[in-house]
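The values are calculated or read from the model by the stated rules, or taken from the named source; none is laboratory data. Bear in mind the structure is a predicted one, so any value in this text is a computation, not a measurement. Backbone-built Cβ (ideal geometry, glycine too); neighbour counts: all protein chains shown.
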Amino acid sequence: MHTLIVELGERSYPIYIGSGLLGQGDLLAPHIRSKRVLIVTNEVVAPLYLEKLKADLRSKDGSPVEVDTVILPDGEHTKTLETMNLIFDELLERRHERSTTLIALGGGVTGDITGFAAAVYQRGVNFIQVPTTLLSQVDSSVGGKTGVNHPLGKNMIGAFYQPQCVLADISVLNSLPVRELQAGLAEVIKYGLLGNAGFFAWLEQHIEALLARDPVLLAEAVRICCAEKARIVAADEKEGGIRALLNLGHTFGHAIEAAMGYGNWLHGEAVATGMVMAADLSRRLGWISAEDALRARRLIERAGLPVCPPAEMTAGQFMELMAVDKKVQAGQIRFVLLRQIGDAVVESAIDPQLLNETLTAGEQLCL
């Protein structure tokens, strides 16, 4: 097992990474301060892992805990205030107090909704992340970004709220559908592109083994990604500076998700195409070489991810949706672009003509 620490002073917390961790109550016990717990999961994950998680739960004094559960519908389209109210209904009906602990058992949607509910229930209760997808293990469960979607924009309603710990059990990835595994690899590739050229080269060597779910290599990929994110979050918790680099591919990607309807394109699929578009725009600006742009696209393709934006999306639609993205500052869209593989920058002063060329490139991005 690997243990990493997200260094945030009094709000620092551990990330546990390894196989077979889900039933190890001793890992979670120090982070459960009372005898009341609410596990929030979804209809896909609950039959697989809910009972295993419940089996050995106990509080930090070693005593058993009373466990309530909420089973949410599955899918990005359910990431709404209405769905979050199901959590509040259970908390209030079961009379959970401020000392309760919420445990998010699921992917990024479950983790984001649960974290936001924890942030606002009685003005803040503790919560724990138990991510069950590759995407949530390497990215969304770490760093304290919580929230829900709005029809006009992804993650526009939320809060920064850190968990007490994150438990990433690699063995649960064996039950992950192939498409979800591929979507998670988009966020893995992102960490190589934005700040770790050596990791990107490692991924070029091992991408097929990761797709084959090699447990040792998956654990190493999760460890490296979590270490990268922990370092960035510790330096910039609320995205006033370098944390914005973690949005590589997301400005374009969030527009794709909103345009196509949440859940029709998985988040990782949209981010993958967004990273190809970011690399293309970087190349047009003369920042990244054509060779590096091609390396980025080829690795994304090898991971089984899309590299072409939806044919039905126009440049105008992209611009309209990107203009309401939460990364907009002073009315200007901010893009995360590449100087080279492993070196990303945030830029808003982009030549409109070059941006339009990327937005209208369409299938040329796939060639």
*Mind listing whichever residues of the stretch 238-260 are in a loop (DSSP other than H, G, I, E, B) and either polar (S, T, N, Q) or over 22 Å from L134 (Cα atoms) (or both)?*
K238, E239, G240, G241
*Looking only at residues in the stretch 126-152 that are part of a loop (DSSP other than H, G, I, E, B) and surrounded by fewer than 23 Cβ atoms within 10 Å (Cβ to Cβ), which one is modelled with the lowest pLDDT?*
L152
*In the stretch 153-179, the residues that are surrounded by fewer than 19 Cβ atoms within 10 Å (Cβ to Cβ) and either without any contact (Cβ under 8 Å) to a residue 12 or more places away in the chain or under 22 Å from Y49 (Cβ atoms) (or both)*: S171, N174, S175, L176, P177, V178, R179
_I need the full set of residues from the stretch 312-367 which are at pLDDT below 90, surrounded by fewer than 14 Cβ atoms within 10 Å (Cβ to Cβ) and either over 28 Å from L203 (Cβ atoms) or hydrophobic (A, V, I, L, M, F, W, C) (or both), in order please._
A323, Q329, A330, G331, Q332, S348, A349, L367
*What tally of residues in the stretch 63-121 results from selecting those that are of a type in the set (G, A, S), within 22 Å of T133 (Cβ to Cβ) and in contact (Cβ under 8 Å) with a residue 60 or more places away in the chain?*
6
_Tally up the residues in the stretch 133-187 that are within 23 Å of F318 (Cβ to Cβ) and in the same structural domain as H254 (by TED's automatic domain parsing), please._
3
_So the check is Cβ under 6 Å with 6+ separation or different chains; which pairs have a first residue in the stretch 27-46 that's outside the structural domain of G108 (by TED's automatic domain parsing) and crowded, with 20+ Cβ neighbours inside 10 Å and a second one that's part of a loop (DSSP other than H, G, I, E, B) and among the aliphatic types (A, V, I, L, M)?_
none
*So which of V336, V324, V307 is touching a strand residue (DSSP E or B) at 6+ places or on another chain (Cβ under 8 Å) and part of a loop (DSSP other than H, G, I, E, B)?*
V324
_Consider the stretch 113-125. How many of its residues are buried (at least 24 other Cβ atoms within 10 Å of the Cβ) and of a type outside the set (G, A, S)?_
3
